[in-house]
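Step one of this worksheet: look at the structure below.
The values are calculated or read from the model by the stated rules, or taken from the named source; none is laboratory data. Bear in mind the structure is a predicted one, so any value in this text is a computation, not a measurement. Cβ placement follows ideal geometry from the backbone for every residue including glycine, while neighbour counts extend to all protein chains displayed. Each accessible area value is taken on the protein alone, full model and side chains, heavy atoms only, with ligands, DNA and RNA left out. Shrake-Rupley method; radii C 1.70, N 1.55, O 1.52, S 1.80 Å.
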Amino acid sequence: MMGRDDDLPPDTGGTAEAERAFYGRRKGKRLRPGQEQRLEGALPALRVALPERGAFLNPPGLFPVPVDEVWLEIGFGGGEHLAAQAEAHPRTGIIGCEPFVNGVVKLLRAVDERSLRNVRVWDEDATALLAALPDASLARVYLLYPDPWPKRRQRKRRFVSDAALAEIARVLRPGGHFRFASDIDDYVGWTLVRAARCLRLRWTAESADDWRRPFPGWPGTRYEAKALAAGRLPSYLTFERVEPA
């Protein structure tokens with residue numbers, strides 16, 4: 001008999017964690033010539049350059065404009081949410097992680113058309129970027145509609161794990177927030193179980209409406225629209241970075 005998620009031992013980290021593939025395809029439809037030009041012309045200037053192993057980034061120093069704090073969005077999809085937040089919060093630097101080339105191109109277009117100077121991009125595995133961030137260096141981390149990898153044999157590919165949440169908690173400053181959204185109930189439960197095991201993350205919900213309502217200032221995403229059209233109700237979880245009791 002298979003155990004429930006809360007009966008399972010913590011997810012292992014280390015090498016096994018580093019070798020997990022959290023994303024699927026790197027490319028979708030073939031890029032048009034204009035998109036190829038944008039990728040070649042704009043991405044190098046916006047791409048985060050990781051430091052040598054053992055060294056850490058200076059997150060505010062990644063941006064050409066002064067920023068009061070830095071946020072991270074892991075898996076930004078088409079970039080709708082990231083671009084909207086960057087435009088609404090010009091003094092917040094936002095780093096977006098997304099290995100899917102077509103999504104990166106869409107964000108680059110939004111950055112160009114809206115003249116966003118507070119956006120930086122990491123187009124590889126997010127775990128490498130997390131490892132290069134200093135402790136308590138971020139005010140907010142988003143993980144929105146991640147790939148659910150629904151089959152049991154695929155679940156080790158889910159981004160949320162004990163090790164990943166420990167890293168997110170490490171890079172969040174005290175009082176900072178990790179925001180997770182999904183329309184897959186199983187993944188929501190999976191995340192709650194693992195967050196409950198992370199002593200530095202506290203689920204902030206006090207009533208059902210707290211996870212049924214979108215986050216404040218939520219612009220919506222195309223994934224959310226697809227979920228609602230299919231009759232799936234999303235959940236919006238917020239976890240606060242706290243010190244262990």
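Brief remarks on what is shown
- Pairwise Lys count, the chain - Cα closer than 24 Å, eight or more residues apart or different chains: 8
- The stretch between residue 58 and residue 30, if pulled fully straight at 0.36 nm per residue, gains 6.6 nm over its current Cα-Cα span.
- Across the stretch 142-245, the volume of the C-alpha convex hull divided among the residues equals 106 Å³ per residue.
- Percent of beta bridges antiparallel (DSSP, the chain, rounded to nearest 5): 30
- Part-to-part distance (alpha-carbon centres) for the stretch 194-245 and the stretch 148-190, which is given in Å: 11
- In degrees, nearest ten, helix 185-197 long axis to first principal axis of the chain (Cα): 80
- Pairs of alpha carbons in the stretch 165-214 whose separation is greater than 17 Å (percent): 37
- Rounded tilt (10° steps) of 33-46 against the dominant C-alpha axis of the chain: 80
- Taken about its Cα centre, the chain carries a charge dipole of about 760 debye when Lys and Arg each add +1 at the Cβ and Asp and Glu each add -1 at the Cβ.
- Cα-based shape type of the chain, given that a ≥ b ≥ c are square roots of the gyration tensor eigenvalues and the cut on a/c is 1.5: rounded
- Largest GNM mean-square fluctuation across 202, 114, 53, computed for the chain with C-alpha springs under 10 Å, falls on 53.
- Surface share of carbon and sulfur [accessible, 1.4 angstrom probe, percent] for the chain: 52
- The chain - percent relative contact order, Cα under 8 Å, separation 6 or more: 20
- In order along the stretch 224-240, phi translates into HN-Hα couplings of 4, 4, 5, 4, 5, 5, 8, x, 9, 8, x, 10, 10, 9, 10, 10, 9 Hz, rounded to whole numbers, per the Karplus curve 6.51 cos²θ - 1.76 cosθ + 1.60 with θ = phi - 60° and x for Gly and Pro.
- Under 5 Å, built H, 5+ apart or other chain: amide partners of residue 69: 93
- Near the amide H of residue 121, within less than 5 Å, lie the amide hydrogens of 47, 48, 96, all on another chain or at least 5 residues away, with H placed in the peptide plane.
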